[in-house]
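Structure record follows, encoded as structure tokens.
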Amino acid sequence: MGDPRGFLKVPREEEDERPVDERVQDWREIVEHASAEQVKAQASRCMDCGIPFCHQGCPLGNLIPEWNDLVYRGRIGEAVARLAATNNFPEVTGRVCPAPCEASCVLNIRDEPVTIKTVERSIAAQEFAQGPLVPRPAQVRTGKRVAVVGSGPAGLAASQQLARAGHSVVLFERDDRIGGLLRYGIPDFKMEKGILDARMEQMQGEGVTFRPGVAIGQEVPGEQLLHDFDAVVLTMGARAPRDLPIPGRQLRGIHFAMEFLVQQNRRIAGDPVDATSRPIVARGKHVVVIGGGDTGSDCVGTSFRQGATSVTQLELMPKPSLVRMPANPWPEWPLVLRTSSSQEEGAARDWAISTRSFQGPDGQLTGLETVRVTLDGGKMQHVAGTEQVLPADLVLLAMGFVGPERGGVIEQLGLVLDARGNIRTEASGATSVPGVFAAGDVSRGQSLVVWAIADGRRVAAGVDAWLRKPALAKAG
Ligand SMILES: Cc1cc2nc3c(=O)[nH]c(=O)nc-3n(C[C@H](O)[C@H](O)[C@H](O)COP(=O)(O)OP(=O)(O)OC[C@H]3O[C@@H](n4cnc5c(N)ncnc54)[C@H](O)[C@@H]3O)c2cc1C
Ligand code: SF4
């Protein structure tokens, strides 16, 4: 522990965010880097607990007290190495992770956890500032070939771990750039994309072959992969969106959140928006985002930057409490009202509200009819007399995802699914088909980047163990 009295002397101080009126004018990241002195002072607050509860929160098992101490002592090179021991992409989690580690930090008992995410981001930034990331290629090659399908955080982490274990990895991605939701879902104002390119360069140096623009299950059938590779890892995400099949759904002006977010991410990257889809732009429009979660928030921030006239975000569930309820004590994730940076930019928010129909003459959306709802014995009931019409020119559906997309590789390989429609896996990531593994949202359902990285690492260990098994053991 750096300073045994650090947490008594130094208050928690988060990174600054750029002022709202400035940041909505551009697409750059809104969080400003904390100075080295500030990060060191924050790291000094870590108590190096006998039982570090922060570990309970972190799916990656990050060695948090160790790197807090190293940062406090200015031993950044060692901190980079300790962080890299458990996390392939700290530059990503340091930006977009909701930091369950901070929620379970012992200092959160009095609402002042160590700023673990800030320290992580700072370590990653200092590594990136030293120049190109140094590849760590395997010393011994195994001669085994692994196909990874889908280049989100799960596929990237699995690929890097497998390459470092000495296997030849080909990462297939149907989009024209690598990164999955890191590239095409999460907006630049939360995470600029240059860090992905730098990491890809490192992975290429470690022997990973990237094959963007290849949809497995279409151009290349799933069975072909099984024939050409010794193992196949499916990390295709859970991208089938939840729809709202109510009257008026067919009107022009109603889109899934991801259609909107992908287009904007492509524009920022200087790529053409898919010629087959109509441009979706919020400029001059009353925008209503249906769904109060993170995807909805990203639509809110994107709409403001595009110049929307107004942005309203609707949530079906009741407004959460401002403080923890007794039934939800530390170190559990606090179920409290959160306000995202995008919501802070001026969104009107409403809870316990349901949409009954979309309205609009001539096929063009002009508004939506809503009604208040209440939970009665666990069932959602409409409150009579609370119907109202909300003007809207653009509605973005951000009500979550129902699971992996169907009608492709899952059926071709005959994979067994779980009760929620995700690919069923064992702890090693093995699916019902020998030699086929799955990880990330495709087997967990839509989740978090940190879980996808953790799953990617876990499946890589499972594949590695399977590949090293004698052939007879595999057959039987
Ligand atoms: C808008 C949005 C914002 C989010 N923000 C955050 C956040 O701030 N913090 C956080 O922790 N989590 C966030 N999440 C959740 C997080 O992004 C996901 O949990 C995570 O990306 C899952 O990783 P994955 O690798 O399993 O899948 P994905 O990132 O979805 O990647 C799957 C990849 O597989 C590709 N693919 C699919 N089918 C095929 C095929 N047949 N052939 C080839 N390639 C294929 C897809 O094109 C995609 O690139 C967000 C999610 C969304 C939708
Ligand atoms: S729980 Fe908090 S104070 Fe304790 S070791 Fe982890 S980060 Fe440090």
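Here are a few things to note about the model shown:
- The chain, helix-only ellipticity at 222 nm - DSSP H runs n ≥ 4, -39,500 (n - 2.57), divided by all residues, nearest 500: -9500 deg cm²/dmol
- Distant-in-sequence amide H partners of GLY367 (H built 1.01 Å from N, under 5 Å): GLN359, ALA392
- Share, in percent, of DSSP beta bridges within the range 245-398 that are antiparallel, nearest 5: 45 percent
- Label-to-label distance for ALA36 and LEU316 is 5.1 nm, based on points extended 7 Å past Cα in the beta-carbon direction.
- Values of log10 I(q)/I(0) for the chain across q = 0.11 Å⁻¹ run -1.00, by the Debye formula with one identical scatterer at each alpha carbon and no solvent.
- Rg to Rh quotient for the range 245-398, alpha carbon positions, Kirkwood Rh: 1.01
- Here's the list of lysines a cross-link from LYS117 could span, going by alpha-carbon distance under 28 Å and ignoring same-chain residues fewer than 8 apart: LYS9, LYS40, LYS190, LYS193, LYS319.
- Among beta bridges identified by DSSP and lying wholly in the chain, the antiparallel ones come to about 35 percent.
- Charge sum, other residues only, whose C-beta stays under 14 Å from ILE195's C-beta, Lys/Arg counted +1 and Asp/Glu -1: 0
- Only Lys, Arg (+1) and Asp, Glu (-1) charged, at Cβ; the range 365-466 dipole about Cα centre in debye: 260 debye
- By the count of neighbouring beta-carbon atoms within 10 Å, fewest first, HIS55, HIS167 end up ordered HIS55, HIS167.
- Gap separating the Cα centres of the range 399-476 and the range 45-71, nearest whole Å: 29 Å
- Helix runs (DSSP H) in the chain reaching 15 Å along axis by Cα, Kyte-Doolittle at least -0.5: 116-129, 153-164, 194-205, 257-269, 449-468
- The amide H of VAL311, built 1.01 Å from its N in the peptide plane, has VAL287, ALA348 as neighbours under 5 Å, considering only residues 5 or more places off or on other chains.
- Within straight-line reach of LYS469, meaning a Cα separation under 30 Å, sit the following lysines at least 8 residues removed in sequence or on another chain: LYS144.
- Relative contact order computed over the chain (Cα-Cα under 8 Å; 6+ residues apart), in percent: 17 percent
- Cβ-based charge dipole, the chain, positive-most Cα from GLY143, THR366, VAL92: GLY143
- A DSSP coil position with no more than 15 other Cβ atoms inside 10 Å describes the following trypsin sites (Lys or Arg not before Pro) in the range 80-141: ARG141.
- Relative exposure of CYS97, CYS54, judged by other C-beta atoms within 10 Å (fewest first): CYS97, CYS54
- Once C-alpha pairs closer than 8 Å and six or more residues apart are averaged by separation and normalised to the residue number of the range 245-398, the relative contact order reads 31 percent.
- Residues VAL233, VAL92, sorted so that the one with the fewest Cβ neighbours within 10 Å comes first: VAL92, VAL233
- Rounded to the nearest 20 debye, the dipole magnitude of the chain is 800 debye, with +1 charges on Lys and Arg beta carbons, -1 on Asp and Glu beta carbons, and the Cα centre as origin.
- C-alpha center-to-center spacing [the range 84-138, the range 244-274] in angstrom: 32 Å
Any read-out appearing in this document is the output of simple, stated calculations on the displayed coordinates, not a laboratory observation. All values derive from a computational prediction rather than experimental measurement. Virtual Cβ from ideal backbone geometry, glycine too; neighbours counted across all protein chains shown.
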